[in-house]
Amino acid sequence: MATTDDQPYLLGLRLRGRRVVVAGGGAVAGRRVPALLDAGADVLLVSPEVTGSLEDLAQAGRIHWARRRYAAGDIDGAWLVCACTDDPVVNAAIAAAAETQRIWCVRADDASQSAVWTPASGLAGDVRVGVLSGDPRRSAGIRDAIVAGLRTGSLGARRGRGHRSGVALVGGGPGDPGLLTVRGRQLLAEADVVVTDRLAPRSVLHELPPDVQIIDVAKIPYGRSVAQEHINAALIEHAQAGRFVVRLKGGDPYVFGRGSEEVIACLRAGVPVTVVPGVTSAVAVPAAAGVPVTHRGVAQEFSVVSVHVAPDDERSTVNWPALAATRGTLVLLMGVERLAAVADTLIRYGRSGSTPVSVIADGTLPTQRTIVATLDTVAPRVLKDGIRPPAVVVIGEVVNVAAEIAELVRGMPPGAPGQPGLPGRAPAHRAGAEAQATAPETEQA
Ligand SMILES: C[S@@+](CC[C@H](N)C(=O)[O-])C[C@H]1O[C@@H](n2cnc3c(N)ncnc32)[C@H](O)[C@@H]1O
């Protein structure tokens, strides 16, 4: 039997199609089984009771579930056994049977009696990391540091790997770098060229190695902007020169982001493209200000509308009378400049002038700012307060739910997380204890 003084020999088990028996259906099994399935194992779960998610896996036919206590013979034919029942005597019996049959057995309740130790493992792109230090917490900490380093590129993900090519359209989220997806960060860490927008999370760019070429194609509303054709041409040109290009975009590439135009242009030029979805500002910016876009009994639907052209513009394809008739939430993007026209139109088609409206500028950023008004008052209020793009406008009763949430947050003790959307984040000009326990910053009209 192994002792804790032994030096483990680290292996990567290739389990596809191989039987793994998991005895016990609690939290430990709940963590192990999904990873075993990811490795393609043929999992037999033996336990009279299991967690809800394990039961789902059994019902979906992804694992075999023997709904009873462990019995002699259960591990016959297995390559690996995980003894994770809540009974040490049963775990010991399983481990002993496995030892006799020369089957590797992980004993979850007693590392000193376990033939196998499970490393703290993680995945960064195509790199699998496993750490064993003798102390599971320390191993997890080291694993996190390595995985984070690989994802941000600080551990040299670009060295020694097969060089990627083509273009990746990465949705960067609304601006807070914490809302960039793990996949997005991984690809960014491997980029040779990054073509970035004004609304992308630009603070991640400083993490990139100095040899990465950064091309700024910021499109400023009513200001300097780079034509879409030039952006497409830059993506194609760099990719065709053998460089891996990440097109870092704000929010989600396919939500009013012209991402599909870039994909089509690249594909027409024979350049392969990957699209990484992003967290769209249409939902995340309201959430960051404490505004849920749906709430049971209040709003069963929400519509996201681009107001880059006004309601009466002949190019508008939006059915404003239908939107005015619904009780659902309306989320407007690119709407600040044309808010008066939108409010007038909605009221004209029957929406009440007292409908609450929230306007959130610079959502998720330290400069985030929110005003609350009504359809009647919002346009002059935005002007008076100097609210500038980028901003998301939320129209509907959910704005009142936000007020309720804000009230509850205000009642939280100092030191509690910031607000439900983004714990701990507070607008830059609020400081100290107040900033840690803020309600969404709201100026009531
Ligand atoms: C061209 S659209 C791009 C939307 C983006 N693809 C998305 O999914 O979020 C730009 C608009 O998104 C909204 N927006 C993006 N980021 C924002 C932010 N951090 N705060 C407020 N509004 C934002 C604004 O309405 C802005 O005018």
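May I ask you to say which residue of R327, R351 is part of a loop (DSSP other than H, G, I, E, B), among the charged types (D, E, K, R) and at pLDDT 95 or above?
Values: R327 fails: at pLDDT 95 or above.
Going through R327, R351 in turn, the sole match is R351.
Scan the range 294-309 and give yes if some residue there is more than 10 Å from the ligand (Cβ to nearest atom) and under 17 Å from L187 (Cβ atoms), otherwise no. Walk me through it before giving the result.
Just the residues of the range 294-309 that are more than 10 Å from the ligand (Cβ to nearest atom), to begin with: 294-303, 305, 309.
Next, from what is left, pick out any that are under 17 Å from L187 (Cβ atoms): none.
Taking every residue of the range 294-309 in turn, none turns out to be more than 10 Å from the ligand (Cβ to nearest atom) and under 17 Å from L187 (Cβ atoms).
Residue pairs whose Cβ atoms lie under 8 Å apart, separated by 6 or more positions or on different chains, with the first residue in the range 174-185 and closer than 17 Å to V275 by Cβ and the second away from the ligand (no atom under 12 Å from the Cβ) and modelled with pLDDT under 95, are L180/L188; L180/V204; V182/R151; R185/R151; R185/T152; R185/V204. Among the residues of the range 84-125, those that are at pLDDT below 95 and in a helix (DSSP H, G or I) comprise A111, S112, Q113.
Exactly one residue among G24, G12, G30 is without any contact (Cβ under 8 Å) to a residue 60 or more places away in the chain and either within 29 Å of the chain's Cα centre (by Cα) or more than 18 Å from V129 (Cα to Cα) (or both), and that residue is G30. Of everything in the range 367-394, what is within 11 Å of the ligand (Cβ to nearest atom) and part of a loop (DSSP other than H, G, I, E, B)? Give them in sequence order. T367, Q368, I387, R388, P389, P390 - these are the residues of the range 367-394 that are within 11 Å of the ligand (Cβ to nearest atom) and part of a loop (DSSP other than H, G, I, E, B). Selection of the range 267-317 for residues being over 30 Å from the mean Cα position of the chain (by Cα) and either within 24 Å of I360 (Cα to Cα) or touching a residue at least 60 places away in the same chain (Cβ under 8 Å) (or both) yields V309, A310, P311, S316. For the condition out of contact with any helix residue (DSSP H, G or I) (no Cβ under 7 Å at 6 or more places or on another chain), over 13 Å from G396 (Cβ atoms) and away from the ligand (no atom under 16 Å from the Cβ), D362 does not qualify. Taking the range 2-25 as the range and being surrounded by fewer than 21 Cβ atoms within 10 Å (Cβ to Cβ) and within 18 Å of R62 (Cβ to Cβ) as the test, the residues that pass are L15, R16, G17, R18, R19. Scanning the range 168-211 for residues that are buried (at least 18 other Cβ atoms within 10 Å of the Cβ), away from the ligand (no atom under 16 Å from the Cβ) and over 21 Å from the mean Cα position of the chain (by Cα) turns up D192, V193.
All conditions but one from (1) of a type in the set (A, V, I, L, M, F, W, C); (2) closer than 14 Å to T118 by Cβ; (3) touching a helix residue (DSSP H, G or I) at 6+ places or on another chain (Cβ under 6 Å) apply to W65; the one that does not is (2). Within the range 252-268, the only residue that satisfies the criterion of being at pLDDT 95 or above, near the ligand (Cβ under 7 Å from one of its atoms) and under 16 Å from V195 (Cβ atoms) is P253.
The values are calculated or read from the model by the stated rules, or taken from the named source; none is laboratory data. Being a predicted model, the structure only gives us computed values, none of them experimental. Heads up, the Cβs are rebuilt from the backbone with ideal geometry, glycines too, and the neighbour counts pull from every protein chain shown.
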